[in-house]
Amino acid sequence: MSKFQFPESIASRPVYGTLEPRPGKAHLMIADAEGAEAILELASQDAALMAKTHIIYIPKGTDFSEKLRALKPAQFYEGPSYDASVQRIQKVLGDAHMGLQVYLAGTEGLMGQAMNEAVSAGIPASAIQTEHRGSVARRMQCVHCKGITEDVVTDPFVCSHCGLNLFVRDHYSRRLAAFQGVCIDAEDPGNVPEPVELYK
Amino acid sequence: MSAAPQKAKAGAEKIAVTVSAVVPLNDLVTRFEFKRTDGAEFPPFSAGAHTVVEMQDGDRTRLNPYSLMSDPADRSIYAISVRRDDQGRGGSLFMHQKVKVGDAMTLTYPVNLFSLDLRAKKHVFFAGGIGITPFKAMIAQLEQSNGNWELHYACRTPALGTYADELTNAYPNKVHVYYDDQNQVIPLEDLLDGQPLGTHVYVCGPTGMIDWVHATAAAHGWPSENVHSEEFLAPQPGKPFEVRLCQSDITIQVGEHESLLEAMERCGVDAPFLCRGGACGQCETDVVEAEGDFVHRDHWLDDEDHASGKKIMPCVSRFVGKTLVLDR
Amino acid sequence: MTIQFNNETFRDDYSFRNSDWAIKRFPFPFHEDSYMYSVNMEQHRGGPEGSVYEKRFDVDEHYLSEMQDRAIVLAEDPLRCQSLPHMTLAGWDTLELIMVSKSEDYPELFELHRDGNRWRWVNKPMKIDHTFTFLDETTLPCGPLEYITRQTQGDFAVLDQRDEMLWMDAGMVTTQADWSLDFDIGMNFFEWHAPVPLAHEMGIFKRALKFLLNVQQGAPARRLNWTMTVNPLLDTSPENYHKWGIQKTTLTPENIGAKQHLRVELQTFFRLPRSNALLFPIRCYLIAFQDIVTVPKWGRRLHRVVRDLPEELATYKGFIANRPVMLDYLSQYDDGLPTSPGVWPDLETEPPLAK
């Protein structure tokens, strides 16, 4: 699958790169769905990498697990969802030492949330590698009720918590791992444009 | 807005002080303690901060930066420790030979270019020689907030181990001293390996030691944000050269033993500065025209800036050539 | 002078008013007849007597009512005041700076008695007399930043300085021009300014950052910023935008003079000594159009600035839809005469309106 090229945007919007092997004796890779492809490409660049690597993978209905397992990482975990994997991620980071290299691949929601865990554990955001693959759906926070709506693919969208019609901003909070959604019809109640698919 | 336009003077705000103690610590290092001349308390400071000491050496004004090494919680004094440099430009010799208890001097307000990262889960300090001074203040600050720290301190000999005994006695489990003359070396690789996530390391000492810590940490996969260093460069002597300052509309001569910044100040040009050691970026000056070679010595500009010939840091860098015109 | 504190509201019935004194000392932000972004920094070391620039933290007739409004906002939404764990020392720095400044600048209103770390703080207008231990959070009813900023007008962003960058890691934000501390906390200088149009391309933020990183202890700085607000609503927050946004549509030619307010932020910058963080107070001053135009110079100039402002800026500042009705109103107070340079009202020297 080819990589999606996000349009240039404002300074708070994350910019994703391409994973590359870095020095270090321990490596943690967290990916979901098509993010597996980025890990497969990364592994192909350094034959010694996988023996030092812990992969945490959430397939989201894809079938990359066997290919990842075939890389023979030191540890491999397949989780049914990100939420189900969080405690494991926290434990791995809590036990880790300086020098750990973190690689994140897949959807923005997965990368944002996992980065938040790694930053809280003491790794600076700029030292964490990311590569976007797969869905361009966004994790959105409603600025009004603070509720998070996952996998938003249209603009505007309806807040899954308070029901307000929100427009999708590019303003992004690493701490919340979410973009900002703001009421679209505050100045003209009821005048809500037809939802349009993101990036169309 | 121009509510009350006041042009900022170069350098940090100043404090008039009286030398309250001169304490020789060993053959090379002496501590100087200051009280405020007006009897008031000093401003609080953050550990890692330095002050620029103004020395009246005859008709020459010397301005040297020194780390504040007193306890930041003690607002009654500021203290610095000065290593005598017999080959240096004379500032440390002036301090050692001329400064007596009761002398009036001027310090700047504290400026911090080497602050603790207060998010750190652990602070690991690496000191070499007189590089111990900022860590004295950092240790005092962290002790008050129950901070998690350890010190690894390399000295030439026990006799030159400034504050080594005092620190070892106060914190026997946290302070580790290594003496060159006993062939003891900081086991850097072992120390970098196994630190918990969120550890920050700080290094202050000779250039070689700073480079060693940065390079070793990078090779072990440490993010650069977790490795902090401070090195003040003393301006080096060099061939005299001539500079045209186009804003001030004067041409000045830079002598062999003065920096470009000092020459500007001597000629009455109010040029900005803070650290005078190539680290803070305040004195960055645009080059209007140059025919010759720059001798860049600062840590502020990146390689690209250095190669461009468009900028110079007059506190430590020099010029060899025919023409130099600066936007100052 | 003794300040007579108003009893007024910034919501519901909007009883907020500026006295003649407050109008004459209003921090009018335009020094010429047009506006574009600039870094426009200057030292914050006093100003003309009686002006809002004179004291380190200006206290005016709205003090008690603004503190009352802040208490209402915090009761509804405690997330308006937050401090990341490493910012507690900067909170104490803030408390110390404000208590020392206010007790020195307004001795008739505030007292600070220090005996080592045993401090007694007296805030006479708010009837507070509290003894606590400096640097011991258990001796305050809430964190040090929240404690002192519940007693000080204006919003406060507390910026940690690391890696040649400023990070918005703590704040008290209840009188904001439509930005959310809860969303922006933890962001760096470029990230939290990301939504501002044009200024990034102009290099404004790069220059501003360079300046701010070098603000030193004992040498605070200041600048002004401005926007427009319908009704004297202090809490124009994104959180409540779905409630207050509708008010922007209520302007009519009849009510605009009373309802439309110019909103000016006096932004100051202090290096905090113990934490090396940067304190960024953002003090909001509101004035109704009908009060601005009582100063002929300001009436003439405001018309010209609003008329000539680039569309992106009028959109960003949220008044593009109301610009026509604003211009209809303001044009009545612009007779085309030249204006004197600078921000001051110049009531004695500028001619009265000639139409």
Answer residue from the range C:173-204, given it is over 18 Å from residue A:182 (Cβ atoms) and modelled with pLDDT under 90 and is nearest to the other protein chains (Cβ to nearest Cβ) among those: C:200
Complete set of residues in the range B:293-317 that are assigned to a strand (DSSP E or B) and within 18 Å of residue B:246 (Cα to Cα): B:311, B:312
For the range B:207-220, indicate whether the set of residues that are touching a Gly at 6+ places or on another chain (Cβ under 6 Å) and buried (at least 18 other Cβ atoms within 10 Å of the Cβ) is non-empty. yes
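With C:267, C:247, C:290 as the choices, which residue is under 22 Å from residue C:8 (Cα atoms), at pLDDT 95 or above and more than 14 Å from chain A (Cβ to nearest Cβ)? Steps first, please.
Values: C:267 fails: under 22 Å from residue C:8 (Cα atoms); C:247 fails: more than 14 Å from chain A (Cβ to nearest Cβ).
One residue alone meets the criteria, C:290.
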Somewhere in the range B:164-186, is a residue within 14 Å of chain A (Cβ to nearest Cβ), surrounded by 17 or more Cβ atoms within 10 Å (Cβ to Cβ) and among the hydrophobic types (A, V, I, L, M, F, W, C)? no
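So how many residues does the range C:1-26 have that are hydroxyl-bearing (Ser, Thr, Tyr) and modelled with pLDDT under 95? Steps first, please.
Taking the range C:1-26 and keeping what is hydroxyl-bearing (Ser, Thr, Tyr), we get C:2, C:9, C:14-15, C:19.
Now restrict to residues that are modelled with pLDDT under 95: C:2.
The total comes to 1.
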Taking the range B:85-135 as the region of interest, how many residues are over 24 Å from residue C:164 (Cα atoms) and in a helix (DSSP H, G or I)? 10
Matching residues in the range B:84-123 - criterion: being within 30 Å of residue A:118 (Cβ to Cβ) and more than 10 Å from chain C (Cβ to nearest Cβ): B:121, B:122, B:123
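When you look at residue A:118, is it in contact with a strand residue (DSSP E or B) (Cβ under 6 Å, 6 or more places away or on another chain) and either part of a strand (DSSP E or B) or within 9 Å of another protein chain (Cβ to nearest Cβ) (or both), yes or no? Quick ask: steps written out before the conclusion?
On the way: in contact with a strand residue (DSSP E or B) (Cβ under 6 Å, 6 or more places away or on another chain): yes; either part of a strand (DSSP E or B) or within 9 Å of another protein chain (Cβ to nearest Cβ) (or both): yes.
Against the criterion (in contact with a strand residue (DSSP E or B) (Cβ under 6 Å, 6 or more places away or on another chain) and either part of a strand (DSSP E or B) or within 9 Å of another protein chain (Cβ to nearest Cβ) (or both)), residue A:118 qualifies.
What is the residue count in the range B:30-48 for residues that are buried (at least 23 other Cβ atoms within 10 Å of the Cβ) and in contact with a helix residue (DSSP H, G or I) (Cβ under 9 Å, 6 or more places away or on another chain)? Steps first, answer last, please.
Going residue by residue through the range B:30-48, those that are buried (at least 23 other Cβ atoms within 10 Å of the Cβ) are B:32, B:34, B:42, B:45-48.
Those left that are additionally in contact with a helix residue (DSSP H, G or I) (Cβ under 9 Å, 6 or more places away or on another chain): B:32, B:45-48.
Counting residues in the range B:30-48 that are buried (at least 23 other Cβ atoms within 10 Å of the Cβ) and in contact with a helix residue (DSSP H, G or I) (Cβ under 9 Å, 6 or more places away or on another chain) gives 5.
Could you tell me whether the range A:14-29 includes any residue that is more than 13 Å from the chain's Cα centre (by Cα), of a type in the set (S, T, N, Q) and either over 16 Å from residue A:132 (Cα atoms) or buried (at least 21 other Cβ atoms within 10 Å of the Cβ) (or both)? Write out each step before concluding.
Taking the range A:14-29 and keeping what is more than 13 Å from the chain's Cα centre (by Cα), we get A:18-28.
Retained after the next criterion (residues that are of a type in the set (S, T, N, Q)): A:18.
Checking which are either over 16 Å from residue A:132 (Cα atoms) or buried (at least 21 other Cβ atoms within 10 Å of the Cβ) (or both) leaves us with none.
The answer is no, given that none of the residues of the range A:14-29 is more than 13 Å from the chain's Cα centre (by Cα), of a type in the set (S, T, N, Q) and either over 16 Å from residue A:132 (Cα atoms) or buried (at least 21 other Cβ atoms within 10 Å of the Cβ) (or both).
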Among the listed residues B:229, B:224, identify the single one that is buried (at least 19 other Cβ atoms within 10 Å of the Cβ) and either within 14 Å of chain A (Cβ to nearest Cβ) or among the polar types (S, T, N, Q) (or both). B:229
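With respect to residue A:98, determine if the residue is without any contact (Cβ under 8 Å) to a residue 40 or more places away in the chain and within 22 Å of residue C:86 (Cα to Cα).
Here the answer is yes, as residue A:98 does meet what is asked.
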Do any helices (runs of 4 or more DSSP H) entirely within the range C:262-355 hold 2 or more residues that are surrounded by fewer than 19 Cβ atoms within 10 Å (Cβ to Cβ), and if so, which? C:296-308, C:311-316, C:323-331
Could you list, ordered by first residue, the pairs with Cβ atoms under 7 Å in which the first is in the range B:273-291 and closer than 24 Å to residue B:242 by Cβ and the second is surrounded by 21 or more Cβ atoms within 10 Å (Cβ to Cβ) and β-branched (Val, Ile, Thr), at least 6 apart or interchain? B:276/B:52; B:278/B:316; B:285/B:312; B:287/B:312
Counting only residues that are at the interface with chain B (Cβ under 9 Å from one of its Cβ atoms) and surrounded by 17 or more Cβ atoms within 10 Å (Cβ to Cβ), which one in the range C:45-62 is farthest from residue C:287 (Cα to Cα)? C:47
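Given the condition part of a helix (DSSP H, G or I), at negative phi and facing another protein chain (nearest Cβ under 9 Å), answer yes or no: does some residue in the range C:209-223 qualify?
Going residue by residue through the range C:209-223, those that are part of a helix (DSSP H, G or I) are C:209-213.
So of that shortlist, the ones also at negative phi come out as C:209-213.
Still in the list and also facing another protein chain (nearest Cβ under 9 Å): C:210, C:213.
Checking the range C:209-223: at least one residue is part of a helix (DSSP H, G or I), at negative phi and facing another protein chain (nearest Cβ under 9 Å).
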Residue under evaluation residue B:98, criteria (1) among the basic types (Lys, Arg); (2) surrounded by fewer than 17 Cβ atoms within 10 Å (Cβ to Cβ); (3) in the same structural domain as residue B:201 (by TED's automatic domain parsing), criterion not met: (3)
Does the range C:131-140 contain at least one residue that is touching a Lys or Arg at 6+ places or on another chain (Cβ under 7 Å) and within 13 Å of chain A (Cβ to nearest Cβ)? no
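Given the range A:126-200, what strands (runs of 3 or more DSSP E) lie entirely inside it while holding 3 or more residues that are more than 14 Å from chain C (Cβ to nearest Cβ)? Show your work before the answer.
Working: elements: A:129-132, A:138-142, A:148-152, A:165-173, A:178-183.
Once the strands (runs of 3 or more DSSP E) in the range A:126-200 are filtered for at least 3 residues that are more than 14 Å from chain C (Cβ to nearest Cβ), what remains is A:129-132, A:148-152.
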If we scan the range A:101-120, do we find a residue that is assigned by TED's automatic domain parsing to the domain that holds residue A:41 and of a type in the set (D, E, K, R)? yes
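Being at pLDDT 95 or above and loosely packed, with under 15 Cβ neighbours inside 10 Å narrows it down to one residue among C:78, C:29; which is it?
None of the others qualify; the one that does is C:78.
When you check residue B:148 against the structure, is it of a type outside the set (Asp, Glu) and within 14 Å of chain A (Cβ to nearest Cβ), yes or no?
Values: of a type outside the set (Asp, Glu): yes; within 14 Å of chain A (Cβ to nearest Cβ): yes.
Considered against the rule, which asks whether it is of a type outside the set (Asp, Glu) and within 14 Å of chain A (Cβ to nearest Cβ), residue B:148 comes out as yes.
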Might you check whether a residue that is at pLDDT 95 or above, crowded, with 18+ Cβ neighbours inside 10 Å, touching a Pro at 6+ places or on another chain (Cβ under 9 Å) and β-branched (Val, Ile, Thr) occurs anywhere in the range B:12-20? yes
Being surrounded by fewer than 20 Cβ atoms within 10 Å (Cβ to Cβ), away from chain A (no Cβ under 14 Å) and out of contact with any helix residue (DSSP H, G or I) (no Cβ under 6 Å at 6 or more places or on another chain) is the requirement here; does residue B:196 meet it? no
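Can you name the residue in the range C:80-110 that is outside any helix (DSSP H, G or I) and either away from chain B (no Cβ under 14 Å) or aromatic (Phe, Trp, Tyr) (or both) and, of all such residues, is nearest to the chain's Cα centre (by Cα)? Can you show your working first?
Just the residues of the range C:80-110 that are outside any helix (DSSP H, G or I), to begin with: C:81-84, C:106-110.
Now restrict to residues that are either away from chain B (no Cβ under 14 Å) or aromatic (Phe, Trp, Tyr) (or both): C:81-82, C:106-110.
Details: C:81: 16, C:82: 18, C:106: 20, C:107: 23, C:108: 24, C:109: 21, C:110: 21 Å.
If we take residues in the range C:80-110 being outside any helix (DSSP H, G or I) and either away from chain B (no Cβ under 14 Å) or aromatic (Phe, Trp, Tyr) (or both), then C:81 is nearest to the chain's Cα centre (by Cα).
The values are calculated or read from the model by the stated rules, or taken from the named source; none is laboratory data. Everything numeric here is computed off the predicted structure, so don't read it as measured data. Quick reminder, even Gly has a Cβ in these numbers, built from the backbone with ideal geometry, and neighbours come from all protein chains shown.
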